[in-house]
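Colleague: First the structure, then my questions, so here it is.
The values are calculated or read from the model by the stated rules, or taken from the named source; none is laboratory data. Just so we're clear, the structure is a prediction, and the values are computed from it rather than from any experiment. Because the Cβ atoms are built from the backbone with ideal geometry, glycine has one as well, and the counts that use them run over all protein chains shown. Calculation scope for accessible area: heavy atoms of the full protein, side chains included, ligands and nucleic acids excluded. Shrake-Rupley method; radii C 1.70, N 1.55, O 1.52, S 1.80 Å.
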Amino acid sequence: MGNLVQILRFAFRQLARNPGFTLTVIVTLALSIGANTAIFSLMNALLIKSLPYAHPERLGTLYARTTGAGALDYRKNLDGESWELLRDNVPTLLSAVSAGLSSGVNLQAGSQVQYLHGGRVSAHYLDVLGVRPLLGRNFTEEEDRPHGPKAVILGFNLWRNTFGGNPNILGQAILLKGEPYTVVGIMPQSGVTPINADLYTSLQPSRDGEGAGSNFECIVRLRDGATWSEADAELNRVWAVRAQRYAERNPGSQVTYYTVPLQKGENDMLGPRVLALMSAAGFILLIACANLAGLTLVRTMRRSGEIATRLALGATSWQIQKQLWVENLVLALIGGAAGVAVGFAALRGLLHLLPENYLPVASVSIDLRVLAFTLAVSLLTSLLFGMLPALTTRKVDLRSSIAAAHTASGGGVRLRQMLIAGEIALTVVLLAGAGLLIRTLVHLETLPAGFNPDGILAAKASLDDARYRDPAAFRKLLDQSVEAMRQIPGVQSAGVGLTLPYERTLNSGIQLSDGPMAGQTVGTDVLYVTPGYFATLQMPVLAGRDFSSADGPASGQVAIVNESFARKFFHESNAVGRTLEKGMRIVGVVADTTLSSGLSDNAAPLMSEETMYLPAAQVNAATLGVHVWFQPSWIVRTGHPMTTLTAQMQKALASVDPNLPFSGFYSMNDLMATTLATQRIEVALLGAMAFLALLLSTIGIFALVANLVVQRTREIGIRIALGSSIQKAMVHIGQPGVTASFSGLLVGLILAAVVLRAMRSVLYGVTVYDSATILAVIATLAAITLLAVTIPTLRIAKIDPAKTLREE
């Protein structure tokens, strides 16, 4: 123990005597370990930490696997018929479903009306998760049947804040969505679900309406004594007829159904992204270790005289290596502690930037597992950057130690060149990955919007309300509220639409009655709009006319389509006069707008899709059911500051219905930016890591050349005295740095060609082998290499050859 204390005291003295070296190592470790700590915290929450439910290993969700042409695995959402088959015929599983989409709900409590996030779930949903209500019970089978009793389970915070934590609320009716719902339960304070709603209502799934499409998300719990393989076998036996239908529609292909852990299902999209970021953070750590290994190697070489003296006085090679290992370990632990602080700050900033609901079931924090990971990384870094320098002490020659202290070791230079080449190679991969994501983001941001977003303020409200299931009441609300908003000073125009550009809208099938595809049912995006919607967005009507007040329930059914619809289904850009199902006539064609993709799961996040617009005044009662999924948007165009309009817009809506609150206000530009929030975060994270890698690589090249200048000052002076030019001396000394950089670039390009194939699924408008990105990476590395080599070699001009000769 006394020996260890002595070693530690000597280690701290050595570090204190070299503050520049010590500070450089600690800062480098803090940044690299901090990056790994922050990203690992995300990975821990998403992929490692158990879900906060009882026996999470028995929770699962459904997937489908197709084989043959277009083979893929995908999460299986259910329609009403599939849900009934699963519920009634797979005894190994306790199953439940929830609504895939929800527009939120309005709660009237006394004189206050508030908008809330509502979850619609089937009976046994909480039972599957193992969440027991704090008070009351779960939904019953009767409450979950179509047209069954209206029941609600309140979230703990809603119960405490709105109803004062009154336990007598159980059994009472509250006014929700415009009609009474009986409170049957209260969620526990720690109770979480994949939905994490303010309150839960019974889904009442059926085969009609919402259940006619695959709109139900399923969760299952394996019953006691059953196995997942038994459950999968039952699933495929129950759905054998559906698998046969799929094979008939897709010759040469088959489909099978299986269960996967709920954690994987909930984080299926985010998991690969977080793993990619963790790999990038690992690259940063390797680059930092290579850089620090080079710095430590130089420091060890400069201490060769000290080491030789200690060996001459009787120290063993193992004692010397142990001393160096302890010094490196002390540096790594200090750097690791600083890395925790950096990681904590980085994680807080990252969570602040992440869009809402980015982490569906995860609570992200720096817990004991993350701290253990940081400690392990710190120990690993001490091993990695201390290994080579410590091993070099085994070759110290007492006779030549003094000379070695004043001359550059060829073997040491070559070793540092190899380390720098490795740094550059990993940096190339990160730069290329960041460049591809930047190119993707630029492509998506520069897609033609098809409208003018400047000066538009949007407000959303939930019409999932019993009062607005009647088309006449719905028309009155829209007509009077839009007219009231047009009277607001500064408002130039106003309108309402089910959705807006850059949002995902309703997709549906419609039958064509005209044109080359007559009789076929095709998929299209569908939304209703009021007169003034196109004018407010300044969407050009390219052919025909806009909707007017004459397009009402008593007039003929009309529609407006976009250019993509006209070209795809009628093979022409002007489809005015063509007819759709039930005699609906196309009266106008508008420009394409960029939408959040909804027609294809494999499409880009933003693109122009076939879209059909219906007049809001002609919407029937069945179509109003879409308000379960979508909140319509009231939009105004103004030249005044938007912040002054929010209260006036709410006042205009309240003049028609004082019990209908807006759920939120958005400028159109903010709404557009939100759709690409994930891509921006990925660009920011990978870009920051690429910049850090580039900085470390630059420092590595700079340190190599600068150290050569110091070590070979005597040789350079003699060369210049004998007639060599300063320029030749600069080239000679800078050559090792250039060679290391060029070698690393070649290896990095080969490595990037292999590694970055994994990014194909997140690239749009650019390929993995994008020439512009490759050229940008080459140009960037050439520039930093030139800079890192030139700056230290400028000191050669200050070398006095006469002084060097006198010293000789």
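Colleague: Report, ordered by chain and residue number, the aspartates and glutamates lying within cross-link reach of Lys798, taken as a straight Cα distance under 20 Å and ignoring same-chain residues fewer than 8 apart.
Modeller: Result set, ordered by chain and number: Glu715, Glu807, Glu808.
Colleague: A further question on this structure: Say R0 is 35 Å: what FRET efficiency, to the nearest 0.05, do Phe691 and Ala797 get from their beta-carbon distance?
Modeller: Working: r = 31 Å, r/R0 = 0.89.
That pair, Phe691 with Ala797, gives E of 0.65.
Colleague: Once R0 is set to 60 Å, what does the formula 1/(1 + (r/R0)^6) return for the Cβ-Cβ distance between Ala472 and Ser229, expressed as a FRET efficiency to the nearest 0.05?
Modeller: For Ala472 and Ser229, the calculated efficiency is 0.60.
Colleague: Something else about it: Collect residues whose amide H, placed 1.01 Å from N in the peptide plane, falls under 5 Å from the amide H of Ser206; neighbours closer than 5 in sequence don't count.
Modeller: Gly211
Colleague: While we're looking at this one, here's another question. Once Rh is set to the Kirkwood radius over Cα pairs, what Stokes-Einstein translational diffusion coefficient, in µm²/s, holds for the stretch 146-264 at a temperature of 37 °C and a viscosity of 0.692 mPa s?
Modeller: Here the translational diffusion coefficient equals 182 µm²/s.
Colleague: Share of the stretch 620-666's accessible area from carbon and sulfur, percent, 1.4 Å?
Modeller: 60
Colleague: Give the accessible surface of the chain per residue, rounded to a whole number of Å², with probe radius 1.4 Å and ligands, DNA and RNA excluded.
Modeller: Each residue of the chain exposes 44 Å² on average to a 1.4 Å probe.
Colleague: Helix-only mean residue ellipticity at 222 nm, the chain, DSSP H runs n ≥ 4 weighted -39,500 (n - 2.57), per residue, nearest 500. What is it?
Modeller: Estimated from H runs of four or more residues: -15500 deg cm²/dmol.
Colleague: Each residue of the stretch 45-54 in turn: what ³J(HN,Hα) in whole Hz from Karplus with 6.51, -1.76, 1.60 and θ = phi - 60°, glycine and Pro shown as x?
Modeller: Values, residue by residue: 5, 7, 10, 10, 4, 5, 4, x, 10, 5 Hz.
Colleague: In addition: Tilt of helix 471-486 relative to the longest C-alpha principal axis of the chain, in degrees (0 to 90, nearest 10)?
Modeller: 60
Colleague: Find the relative contact order for the stretch 195-298 and round it to a whole percent, using C-alpha pairs within less than 8 Å whose residues are 6+ positions apart.
Modeller: Rounded, it is 16 percent for the stretch 195-298.
Colleague: Please give the charge dipole size of the stretch 561-636, origin at the Cα centre, charges +1 on K and R Cβ atoms and -1 on D and E Cβ atoms. Round to the nearest 20 debye.
Modeller: Approximately 260 debye in magnitude.
Colleague: Check which residues have an amide H placed less than 5 Å from Leu606's amide H, if you skip close sequence neighbours.
Modeller: Result for Leu606 returns Ser597.
Colleague: Mind listing the phi-derived Karplus ³J(HN,Hα) values for the stretch 562-576, rounded to whole Hz, using 6.51, -1.76 and 1.60 with θ = phi - 60°, and x for any glycine or proline?
Modeller: Using θ = phi - 60°, the values come out as 8, 4, 4, 4, 5, 5, 6, 9, 10, 6, 7, 7, 10, 9, 4 Hz.
Colleague: To continue, here is another question. Search the structure for amide H atoms under 5 Å from the amide H of Leu542, placed 1.01 Å from N in the peptide plane, and list their residues when 5 or more places away or on another chain.
Modeller: Sorted by chain and number, the residues that satisfy this are Val589, Val590, Ala591.
Colleague: Could you report the accessible area of Lys76 in Å², rounded to 10, computed with a 1.4 Å probe on the protein chains as they sit in the structure?
Modeller: Per-residue accessible area (Lys76): approximately 40 Å².
Colleague: Would you list which lysines come within 27 Å of Lys322, measuring only between C-alpha atoms, while excluding same-chain residues fewer than 8 positions from it?
Modeller: Answer for Lys322, where 27 Å is the Cα cut-off: Lys395, listed by chain and number.
Colleague: Whole Å is fine, so just give me how far the alpha carbon centre of the stretch 689-758 lies from that of the stretch 195-237.
Modeller: Centre-to-centre (Cα) distance: 61 Å.
Colleague: Give the relative contact order (percent, whole number) for the stretch 416-536; include only Cα pairs under 8 Å separated by 6+ residues.
Modeller: Once normalised by length, the contact order is 18 percent.
Colleague: Which of Asn106, Val90, Val5 sits farthest toward the positive end of the charge dipole of the stretch 1-127, with +1 on the Cβ of Lys and Arg and -1 on the Cβ of Asp and Glu?
Modeller: Farthest towards the positive pole: Val5.
Colleague: Another question, then. Average the reciprocal distances over every distinct pair of alpha-carbons in the stretch 446-513, invert the result, and give the Kirkwood radius in Å.
Modeller: 15.0
Colleague: Roughly how tilted is helix 270-302, in degrees to the nearest 10 and between 0 and 90, from the longest Cα axis of the chain?
Modeller: That helix lies at roughly 10 degrees to the long axis.
Colleague: Write out the GluC sites (Glu not before Pro) in the stretch 117-175 meeting two conditions: DSSP loop, and at most 11 other Cβ atoms within 10 Å of their Cβ.
Modeller: Details: sites: Glu141, Glu142, Glu143; in loops: Glu141, Glu142, Glu143.
Answer in residue order: Glu141, Glu142.
Colleague: Give me the percent relative contact order of the stretch 651-808, please, defined on Cα pairs under 8 angstrom at least 6 residues apart. Before the final figure, lay out the partial values.
Modeller: Numbers: 83 pairs, mean separation 57.8, N = 158.
Worked out over the stretch 651-808, it gives 37 percent.
Colleague: With a ≥ b ≥ c the root eigenvalues of the C-alpha gyration tensor of the stretch 601-661, is it rounded (a/c under 1.5), prolate (a/b larger than b/c) or oblate?
Modeller: oblate
Colleague: Normalised by the empirical 2.2 N^0.38 Å for globular proteins, what value does the Cα Rg of the stretch 531-681 take?
Modeller: Taking N as the residue count of the stretch 531-681, the ratio is 1.18.
Colleague: Charges only on Cβ, +1 for Lys and Arg, -1 for Asp and Glu: so what's the dipole of the stretch 605-730 about the Cα centre, in debye to the nearest 20?
Modeller: 880
Colleague: Would you mind checking the stretch 509-541 for residues with the amide N under 15 Å from a putative spin-label position 7 Å along Cα→C-beta of Val576?
Modeller: Within reach of a label on Val576: 540-541.
Colleague: Which one of Leu29, His627, Met649 is farthest out on the positive end of the charge dipole of the chain, using unit charges on Cβ (Lys, Arg +1; Asp, Glu -1) and the Cα centre as origin?
Modeller: Value computed over the given set: Leu29.
Colleague: Compute, for the chain, the length of the dipole vector about the Cα centre, with Cβ point charges of +1 (Lys, Arg) and -1 (Asp, Glu) only. Units Debye, rounded to 20.
Modeller: In total the dipole reaches around 3740 debye.
Colleague: Could you order peptides 684-691, 148-155, 33-40 by the average number of other Cβ atoms within 10 Å of their residues, highest first?
Modeller: Details: 684-691: 19.9, 148-155: 21.6, 33-40: 26.1.
Answer by packing, highest mean first, reads 33-40, 148-155, 684-691.
Colleague: Let me ask you something else. Which ³J(HN,Hα) values in Hz, rounded to whole numbers, follow from the phi angles of the stretch 56-67 under the Karplus curve 6.51 cos²θ - 1.76 cosθ + 1.60, where θ = phi - 60° and Gly and Pro get x?
Modeller: Running phi through 6.51 cos²θ - 1.76 cosθ + 1.60 with θ = phi - 60° gives x, 5, 9, 9, x, 9, 9, 10, 10, 10, 9, 10 Hz.
Colleague: Relative to the first principal axis of the alpha-carbon coordinates of the chain, what is the inclination of helix 368-392, with its axis defined by its Cα atoms, in degrees from 0 to 90 and to the nearest 10?
Modeller: The two axes meet at around 30 degrees.
Colleague: Of the listed values (1) 100, 70, 46; (2) 108, 62, 60; (3) 104, 58, 45, identify the label whose number matches Cα extents along the principal axes in Å calculated from this model.
Modeller: The value matching this structure is (2).
Colleague: Right, here's the next one. Rank Leu129, Ala788, Gly148 by how far each Cα sits towards the positive end of the charge dipole of the chain (+1 on Lys, Arg Cβ; -1 on Asp, Glu Cβ) and give me just the farthest.
Modeller: Value computed over the given set: Ala788.
Colleague: Also, I was wondering about something else. Using a 7 Å offset from the Cα along the Cα-to-Cβ direction at both Val5 and Arg145, what is the distance between the two label points in nm, to one decimal?
Modeller: 8.1
Colleague: Could you give the radius of gyration (one decimal) and Dmax (whole number) of the Cα atoms in the stretch 654-808, in Å?
Modeller: Here Rg and the maximum Cα pair distance are 26.4, 98 Å.
Colleague: Taking the Cβ-Cβ separation of Ala753 and Val731 as r and a Förster radius of 30 Å, what is the calculated FRET efficiency to the nearest 0.05? Can you show the working numbers first?
Modeller: On the way: r = 31 Å, r/R0 = 1.05.
The value I calculate is 0.45.
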